[in-house]
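See structure below.
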Amino acid sequence: MNHRIAFKTIVIKEIFRFVRIWPQTLLPPAITTALYFLIFGKLIGDRIGMVNGATYMDYIVPGVILMSVISHAYANVVSSFYSTKFQHNIEELLVAPVPNWVILGGYVTGGIVRGLLVGLVVGLIAQIFDDIAIQNWWITLSVAFLTATLFALAGFINAVLAESFDDISIIPNFVLTPLSYLGGVFYSVTMLPPIWQTISIGNPILYLVNAFRYGFIGISDVDIGLAYTMIGSSIVIMTLISLYLLHKGTGIKN
Amino acid sequence: MKALSIRNLRKTYNNGFEALKGIDLDVEVGDFFALLGPNGAGKSTAIGIISSLVNASAGSVSIFGHDLHSDRTQAKTCIGLVPQEINFNQFDTVKNILINQAGYYGLPRKLALQRTELCLKQMDLWEKRDTVSRRLSGGMKRRVMIARAMVHAPKLLILDEPTAGVDIEIRRAMWKMMEAVNQQGTTIILTTHYLEEAESLCRNIAIIDQGKIVENSDMSSLLAKLQVDHFVMDLAQPLAAAPQIDGFKMELLTDKSLAVAVPKQSGLNQLFSELTQRNIQVISLKNKTNRLEQLFMDLVDAKTAGSQP
């Protein structure tokens, strides 16, 4: 059995899905982030001055890009897989000889592609407002890829466990968005009072944003090695949880 | 080798409901097999387990000699499923639905396109290939599901109430399509509530009730067990009451319509002779119910009565 063809089929289907509805998937982040860059980066940022040796615009661009990668990698998988469950299309895959790891890989790859594509769109928008230079391409690309993978997996788990459309909006609205805004996208944690600096250490998005920022401008509030370890171990754990849920048939088999 | 072999299959759901209580079933290669049962009898659970949509609690399923547990990929490759409910992506085109399904079964793109064309033509849907599926009629959607199930050329096609909710003309056209698929060598398992459908299409039959197989034989042997035929007669003149004739149970449905139960050993000649002696003229005669339907009701009723305390 050629699982490569099954994998390719799922990935192509997923990419066509979000490209076909580009006004809902690719256009909104371009407009939202353009407003971020205009208001926070230019109008307010010019009055803020330097942050850790970088202009405020240079400082926020990596965080805003990564925030888009996170939300869109997550949103793609959670909405697509839950809709597949809701319409019972998932039965097409369950009846066919497609192993669980191919199903997981296909959906997660779709999420990664959308996350990175949105990240690229936001990066190009940022280029309009600022002269973006990347100091370390390897760190920048690897952190973007690993972050998209991590949140695509998280979206998959959310979709598997969700029993209603409300369930797929709770995590993005009440967990991901607050953690992103409090994850050092718009400020350095060194600017916070000590107690909030300590609390921020528990926010995983802080590590991702700072590792990504390090790739752009060489500035980070956290240890880069620790950030990679955290992302890598989280990916392994979430992959194992996803495969376990598929094996048990949680939420997808009677 | 059997197309399908089930041994001691059990399923208990999380809420404690025991849907299957250890069923054994064999389906021969090339057969057109009916799996019947009232709602909630366990047939959908059985089909769900065979097609990997439901996890079994115990027992084994073997498809063309491949064990569904230990040789899962090969076993699944042999199956095509047409489920009860429409379950394809309603925003996708007919052609894409089939091409994607072929991809899940590992068919290379070129072969997938060839098989898609063949199956859509066989189901008389080729002209609709670029139509978004939600715009199709109910009958066409049913045919899309059959075409999708056949796109990887399965050896065993499972049809779970494929003609539910379609009009008689489309239903009869679908029967012809199913017969053609079976004649090409595909083994078919059919569940249906239209017992006329099972009687005319299927050669062998199993009836499942309350999680157990209550009957499993060939269709002609099963029909031979029917001891009484039920007819409805239209009369030329109205009657005030049903006539009393020894050996025949009669009931007046309307003043010009008479229901009669005819034991096999008595036959219709004796009945007509008795009616003629009473100056009762019969204009027309028809079966009150389909023969299989009557037998099915007798079996299920007997089982239900037997299970009551």
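The values are calculated or read from the model by the stated rules, or taken from the named source; none is laboratory data. The structure presented is a predicted model; accordingly, all values stated were derived computationally and were not measured. Quick reminder, even Gly has a Cβ in these numbers, built from the backbone with ideal geometry, and neighbours come from all protein chains shown. Accessible surface is based on the protein model in full, side chains and every heavy atom, while ligands, DNA and RNA are left aside. Shrake-Rupley method; radii C 1.70, N 1.55, O 1.52, S 1.80 Å.
For the reader, a short list of remarks on this structure follows.
- Some residue of region B:58-69 being open to solvent by 30 Å² or more (accessible area, probe 1.4 Å), assigned to a helix (DSSP H, G or I), at pLDDT 95 or above and in the same structural domain as B:PRO154 (by TED's automatic domain parsing): no
- So B:GLY80, is it open to solvent by 10 Å² or more (accessible area, probe 1.4 Å) and either within 30 Å of B:LYS212 (Cα to Cα) or of a type in the set (A, V, I, L, M) (or both): no
- Residue match in region B:124-133 (condition: surrounded by 19 or more Cβ atoms within 10 Å (Cβ to Cβ), within 26 Å of the chain's Cα centre (by Cα) and within 14 Å of chain A (Cβ to nearest Cβ)): yes
- Filtered residues of region B:102-111 (kept if more than 17 Å from B:LYS155 (Cα to Cα) and in a helix (DSSP H, G or I)): B:GLY103, B:ARG109, B:LYS110, B:LEU111
- Counted as qualifying within region B:218-293 are no strands (runs of 3 or more DSSP E), as none has 3 or more residues that are of a type in the set (D, E, K, R).
- Subset of region B:73-93 that is among the β-branched types (Val, Ile, Thr) and closer than 23 Å to A:TRP101 by Cβ - its residue that is farthest from the other protein chains (Cβ to nearest Cβ): B:ILE79
- Qualifying residue in region A:159-171 (condition: surrounded by 15 or more Cβ atoms within 10 Å (Cβ to Cβ), outside any helix (DSSP H, G or I), of a type outside the set (Gly, Ala, Ser) and within 15 Å of the chain's Cα centre (by Cα)): no
- Of the criteria (1) touching a strand residue (DSSP E or B) at 6+ places or on another chain (Cβ under 9 Å); (2) at the interface with chain A (Cβ under 9 Å from one of its Cβ atoms); (3) free of Cβ contacts under 8 Å to residues at least 40 places away in the same chain, which one B:PRO108 fails: (1)
- Filter result (under 12 Å from A:GLY215 (Cβ atoms), open to solvent by less than 50 Å² (accessible area, probe 1.4 Å) and under 10 Å from the mean Cα position of the chain (by Cα)) within region A:123-158: A:ALA144, A:LEU146, A:THR147
- Odd one out for B:LEU68, checked against (1) under 20 Å from the mean Cα position of the chain (by Cα); (2) more than 7 Å from chain A (Cβ to nearest Cβ): (1)
- Residues of region A:75-93 that are open to solvent by 10 Å² or more (accessible area, probe 1.4 Å), within 16 Å of B:ALA149 (Cβ to Cβ) and part of a helix (DSSP H, G or I): A:GLU91, A:GLU92.
- Filtering region B:26-50 to residues that are away from chain A (no Cβ under 14 Å) and within 14 Å of B:ILE188 (Cα to Cα) leaves B:ASP26, B:VAL27, B:GLU28, B:VAL29, B:GLY30, B:ASP31, B:PHE32, B:PHE33, B:ALA34, B:LEU35, B:LEU36.
- Pair list, Cβ < 6 Å and 6+ apart or interchain, from region B:242-256 residues that are assigned by TED's automatic domain parsing to the domain that holds B:GLU274 to residues that are surrounded by fewer than 16 Cβ atoms within 10 Å (Cβ to Cβ) and in a strand (DSSP E or B): B:ALA242/B:GLU251; B:GLU251/B:ALA259; B:LEU253/B:ALA259
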